Amino acid sequence: MNREEKMAKQYGLMFRDYPDAVTPEQVQQMLGIGRRKTYDLLKSGELAGIRMGRIYRVPKLAVIDYLCGNTQ
């Protein structure tokens, strides 16, 4: 199994109980951080998210990338 296959398997296992796009509140639960830190990460771009009106949606893969240190 090569590195890409291992990463794909890990991505499939992490946070599998969460939907593909999560709310900031779910990000807080996933990372164990507070509300302010979550919004600071979103506003700075360290954590990729999409703002739709007054709400954010964050791809689950963006949370995993942030956690694994794969941010760009």
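Please treat every number below as a calculation from the coordinates, not as lab data. Fair warning: this is a prediction, and the values are worked out from it, not measured in the lab. All Cβ positions, even for glycine, are placed from backbone atoms using ideal geometry, and neighbour counts span all protein chains on display.
In this label model, residue 16 and residue 44 are separated by 3.3 nm, measuring between points 7 Å along each Cα→Cβ vector. Comparing 13, 42, 61 in a Gaussian network model of the chain where C-alpha atoms under 10 Å apart are linked, the largest mean-square fluctuation is found at 13. Per q in 0.17, 0.19, 0.25 Å⁻¹, report the Debye log10 I(q)/I(0) for the chain, using one uniform scatterer on each alpha carbon and no solvent. Cα-only, vacuum Debye calculation for the chain: -0.61, -0.74, -1.18. Here's how it looks for residue 22: its modeled amide H is under 5 Å from those of 58, 60, which are all 5 or more places away or on a different chain.
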